[in-house]
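Input: a single structure, listed below in structure tokens.
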Amino acid sequence: MRILVTGGAGFIGSHIVDAYLAEGHEVAVVDNLSTGRRANVDRRATLHEVDIHSRELEPIFAAFRPEVVNHHAAQASVKVGQADPVHDLEVNGAGTARVAQLAVAHGARKLIYASSGGTVYGDPESLPVTEDHRIAPRSNYGTSKYAGELYVQLAARTSDIEYTIFRYGNAFGPRQDPHGEAGVVAIFAGLMRAGQPCTIDGDGEQRKDYVYVGDMARANVLALAAGNGLVANIGTGEGTTVNHIYRVLSEAIGNSIEPRSAPPRPGDVRNFWLDCSRAKAALGWEPTVSFEEGIALTVASLD
Ligand SMILES: NC(=O)c1ccc[n+]([C@@H]2O[C@H](COP(=O)([O-])OP(=O)(O)OC[C@H]3O[C@@H](n4cnc5c(N)ncnc54)[C@H](O)[C@@H]3O)[C@@H](O)[C@H]2O)c1
């Protein structure tokens with residue numbers, strides 16, 4: 001199958017590219033390398049260093065004629081989205097509208113879209129959070145990622161294209177940027193390896209849903225053959241505390257430096273995890289890599 005992966009030089013997208021190549025698919029990547037890296041892209045995939053807003057995008061669709069378009073390119077930082085809401089919406093809202101339009105115009109049969117389970121629901125009314133939870137993002141990023149969902153569904157409603165939308169929990173694994181603001185695992189691992197202290201906000205007992213990137217990539221493989229019209233959470237259904245992350249990573253890396261503590265972050269949600277039974281029912285997907293196994297794989301990749 002010919003598959004175009006936007007954002008395929010990024011953290012999650014590059015694992016999806018690897019998973020598609022392993023299944024024997026032909027893969028093209030569109031990425032402007034704003035946060036992604038050329039080195040993340042397997043040589044068997046064709047990398048087009050192109051912005052999703054650029055005029056150069058349409059000829060790529062015309063020449064490659066993707067059967068599936070997997071849209072992972074995004075402004076992926078909550079912090080950047082707060083500082084520059086217009087840029088955030090341009091990339092995540094308008095950019096998704098454009099990718100969806102080109103996918104339809106060039107005859108793709110399916111569009112797969114990466115949304116954000118951690119931000120579109122806002123403060124959880126109950127746990128675990130199901131897909132039917134009210135949508136009430138508390139950030140520009142969560143709002144623009146949801147706008148992307150609406151454009152994907154609009155394309156499906158007004159053409160023959162199918163879609164799967166994934167609402168991801170907090171991804172972790174190899175290739176996550178240690179300088180990014182979202183990935184506590186990558187940030188802690190980077191600091192520990194540099195012999196510097198980590199900072200734990202509040203009491204460290206806040207729990208979020210951390211899902212291993214290889215499991216996320218597998219969901220994107222399953223969506224090639226199933227899950228049409230599906231909006232599904234992709235997480236573990238469990239919360240992991242920051243203190244636990246710190247302990248497991250310290251052991252894996254051999255860190256003995258004590259962490260610093262900082263006041264709780266204002267507005268931070270204390271407990272958040274996703275119900276993922278819909279992805280299991282529709283795709284036969286469930287996470288297979290435990291948090292501890294995922295940390296071992298992540299640390300091994302750093303050597
Ligand atoms: N990391 C997470 O925990 C998480 C959680 C929920 C959703 N997501 C979503 O998953 C996707 C991938 O996230 P990630 O963590 O791998 O982030 P990432 O920053 O590593 O990947 C995004 C990729 O998109 C590229 N990109 C950005 N703007 C572009 C543009 N205008 N044109 C072309 N390419 C562009 C970047 O260079 C990068 O390679 C994003 O859509 C993000 O919103 C991530």
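Results for (1) over 28 Å from R2 (Cβ atoms); (2) touching a strand residue (DSSP E or B) at 6+ places or on another chain (Cβ under 9 Å), shown as yes or no for each residue.
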{"residue": "N220", "(1), (2)": "no, yes"}
{"residue": "N228", "(1), (2)": "no, yes"}
{"residue": "V231", "(1), (2)": "no, yes"}
{"residue": "G237", "(1), (2)": "yes, yes"}
{"residue": "N255", "(1), (2)": "yes, no"}
{"residue": "E258", "(1), (2)": "yes, no"}
{"residue": "D268", "(1), (2)": "yes, yes"}
{"residue": "A282", "(1), (2)": "no, yes"}
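If the condition is being of a type in the set (D, E, K, R) and either in a loop (DSSP other than H, G, I, E, B) or within 13 Å of the ligand (Cβ to nearest atom) (or both), then the stretch 93-142 contributes R98, R109, D123, E125, E131, D132, R134, R138. From the list E162, E238, E205, E251, the one residue that fits, being closer than 30 Å to R98 by Cβ and among the charged types (D, E, K, R), is E162.
Within the stretch 197-226, restricting attention to residues that are of a type in the set (G, A, S) and over 18 Å from the mean Cα position of the chain (by Cα), the residue that is surrounded by the fewest Cβ atoms within 10 Å (Cβ to Cβ) is A225. Screening A156 on (1) within 12 Å of the ligand (Cβ to nearest atom); (2) touching a residue at least 60 places away in the same chain (Cβ under 8 Å); (3) surrounded by fewer than 24 Cβ atoms within 10 Å (Cβ to Cβ); (4) hydrophobic (A, V, I, L, M, F, W, C) shows it passes everything except condition (1). Taken over the stretch 18-63, the criterion of being surrounded by 21 or more Cβ atoms within 10 Å (Cβ to Cβ), within 11 Å of the ligand (Cβ to nearest atom) and of a type in the set (V, I, T) is satisfied by V29, V30, V41, I52. Among the residues of the stretch 14-41, those that are assigned to a loop (DSSP other than H, G, I, E, B) and over 19 Å from the mean Cα position of the chain (by Cα) comprise E23, G24, H25. Looking at H87, H71, just one residue is at pLDDT 95 or above and within 9 Å of the ligand (Cβ to nearest atom), and that residue is H71. A single entry from A226, A171 fulfils the requirement of being over 20 Å from E251 (Cα atoms), away from the ligand (no atom under 12 Å from the Cβ) and either in contact with a helix residue (DSSP H, G or I) (Cβ under 9 Å, 6 or more places away or on another chain) or part of a strand (DSSP E or B) (or both): A226.
Cβ-Cβ distances below 9 Å connect the following pairs, each with a first residue in the stretch 30-47 that is on the phi > 0 side of the Ramachandran plot, a second residue that is more than 10 Å from the ligand (Cβ to nearest atom), and a separation of six or more residues or different chains: L33/L47.
The values are calculated or read from the model by the stated rules, or taken from the named source; none is laboratory data. The model shown is predicted, which means the values in this text are computed figures rather than measured ones. Cβ sites come from the backbone with ideal geometry, for glycine too, and all protein chains shown count toward neighbours.
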